[in-house]
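The values are calculated or read from the model by the stated rules, or taken from the named source; none is laboratory data. Predicted model only: the values in this text are computed from it and were never measured. When we count neighbours, we look across all protein chains shown, and the Cβ atoms used for this are built from the backbone with ideal geometry, even at glycine. Calculation scope for accessible area: heavy atoms of the full protein, side chains included, ligands and nucleic acids excluded. Shrake-Rupley method; radii C 1.70, N 1.55, O 1.52, S 1.80 Å.
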Amino acid sequence: MRDFVQKQVDTLSVDDGKDRVSVVQYSSDPAVQFYLNTYTTKREVLDSVRGLRHKGGRPLNTGAALRYLRDNVFTASAGSRRPSGVPQVLILITGGRSFDSIDEPASALKQLGVLTIAIGTRGSDPRELQTITGEPSYALSVSELTDLPKVQQQLESSVEAAVFEVTPELPTVIASRDRKDIVFLLDGSDGTRNGFPAMCDFVERVVEKINVGENKDHVSVVQYSREPEVHFYLNTYTTREDVVDSVRGLRHRGGRPLNTGAALQYVRDNVFTNSSGSRRLQGVPQILILLTGGRSFDNVDSPASALKQQGIYVIGIGTRTSDARELQKISYEPSYALSVSEFTDLPSVQEQLSSVMSKVIVRATPMTPTVTGKNVTLL
């Protein structure tokens, strides 16, 4: 393992300040050998790796180690440059199945934007490694740790692919008031049957005030209850008339329970995407306007956090039957959560919504990333 880490460090650009390296060893608990900001030269990193001693101990708590990394290593104080847009890569080398649960800590690392590549031996659990990486091709395997050199090339390719995936692309067009991608997510559950026409009227009024066009504002509408259904995508219509006609033709879907968490996740994975017309990579502000009349049956924490990580600004509008705290959690920030007594009162928050959207456009204007390189932690 130690030899393998040395070979990996040899491929990095540490001396010119581009890449930073940290090494953590764990068994029942983790121990940091050095942080991302401990050394600034490749020689220092290699000397420290050569001096590593086996820690020993049991059981193997991979979940606790992943959580520790998130809270103590991928942090600004420990040298992480995540806020500057520097890719965060974790290389996990393990020889066994975790004694504790890895689900929540692995998910928390993904939410933070850390890309994990895991290498396991035949004593590891392949499905566990795939859960940790979230991407099957990033879970590599060897029979024994002495076979690690066999996956060196594969690891380098995976690191390259991971870095390419998260490196911020320079916007080709600077965001302006003329370009927004707006997705409306409408609660179509049984409880909103009477209020649904008022929701559609509100969407229509908002659309009338924006500038829909091929190189201007794009709109999508999704309705959900137990599961989500896309009425049209961001690249379906290019004129205001077409969008308004489609909104006028919406029918209440019905169904229960209300799974807002699943709907938020669906929108992130299927609507705010390049293929569905999202222009996020061109620096166009991404706005999700959620209209909901009840408390979610499923958990909203992880999907809401994932939307924020992707730079999507969520504005939540709820009625008195919604959960105000849940709505604040979903919204990009608490002040972006608006409320009305009934859906028929939606016109009373139209001005407030316009004001929040103006703030979003100012905040979403992309800044050119100033740092290149990566932060690599070996566990």
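The table for this structure:
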| read-out | value |
| --- | --- |
| Accessible area expressed per residue, the range 181-311, with surrounding protein chains retained (probe 1.4 Å, Å²) | 41 |
| Net dipole in debye of the chain [+1 Lys, Arg Cβ; -1 Asp, Glu Cβ; about Cα centre; nearest 20] | 600 |
| Computed accessible area, residue 329, all protein chains, 1.4 angstrom probe, square angstrom | 100 |
| Amide H contacts under 5 Å for residue 184, placed H, 5+ residues apart | 220, 221, 222, 289 |
| Residue 3/residue 309 FRET efficiency (R0 30 Å; Cβ-Cβ; nearest 0.05) | 0.25 |
| Sequence of 163, 300 from largest to smallest accessible area, 1.4 Å probe | 163, 300 |
| Extreme residue, positive dipole direction of the range 232-336, given options 328, 312, 254 (C-beta unit charges) | 254 |
| Percent of alpha-carbon pairs separated by more than 25 Å within the range 1-159 | 24 |
| Binned Cα-Cα distance frequencies in the chain - 10 Å width, integer % | 5, 22, 27, 20, 16, 8, 2 |
| Loop chymotrypsin sites (Phe, Trp or Tyr not before Pro), the range 226-297, which have at most 14 other Cβ atoms in a 10 Å radius of their Cβ (DSSP) | none |
| Net dipole in debye of the range 66-125 [+1 Lys, Arg Cβ; -1 Asp, Glu Cβ; about Cα centre; nearest 20] | 200 |
| Rg over Rh, two decimals, the range 1-71 (C-alpha only, Kirkwood Rh) | 0.99 |
| Vicinal HN-Hα couplings computed from phi for the range 200-207 (Karplus, 6.51 cos²θ - 1.76 cosθ + 1.60; Hz; Gly/Pro x) | 5, 4, 5, 4, 4, 5, 5, 4 |
| Helical mean residue ellipticity (222 nm; -39500 (n - 2.57) per DSSP H run of 4+; nearest 500) of the chain | -10000 deg cm²/dmol |
| Rounded if a/c under 1.5, otherwise prolate or oblate - the range 102-166, Cα gyration tensor axes | oblate |
| With every protein chain in place, the chain: carbon and sulfur % of accessible area (1.4 Å) | 46 |
| Three-way shape call for the range 217-332 based on the alpha-carbon gyration tensor, with the a/c threshold at 1.5 | oblate |
| At most 13 other Cβ within 10 Å, DSSP loop - GluC sites (Glu not before Pro), the range 192-271 | 214 |
| Listed residue pairs exceeding 29 Å between alpha carbons, taken from 150/308; 110/329; 55/110; 216/374 | 150/308; 216/374 |
| Dipole of the chain, positive end: most advanced residue of 77, 119, 373 [Cβ charges, Cα centre] | 77 |
| Probe 1.4 Å, all protein chains present, accessible-area order of 333, 104, 326, largest first | 104, 333, 326 |
| Amide H partners (placed H, <5 Å) of residue 273, local residues excluded | 278 |
| With all protein chains modelled, accessible area of residue 103 [1.4 Å, Å²] | 100 |
| Whole-angstrom gap from the range 257-272 to the range 316-335, using each part's C-alpha centre | 16 |
| Rounded Å value of the spacing that divides the Cα centres of the range 177-254 and the range 18-92 | 46 |
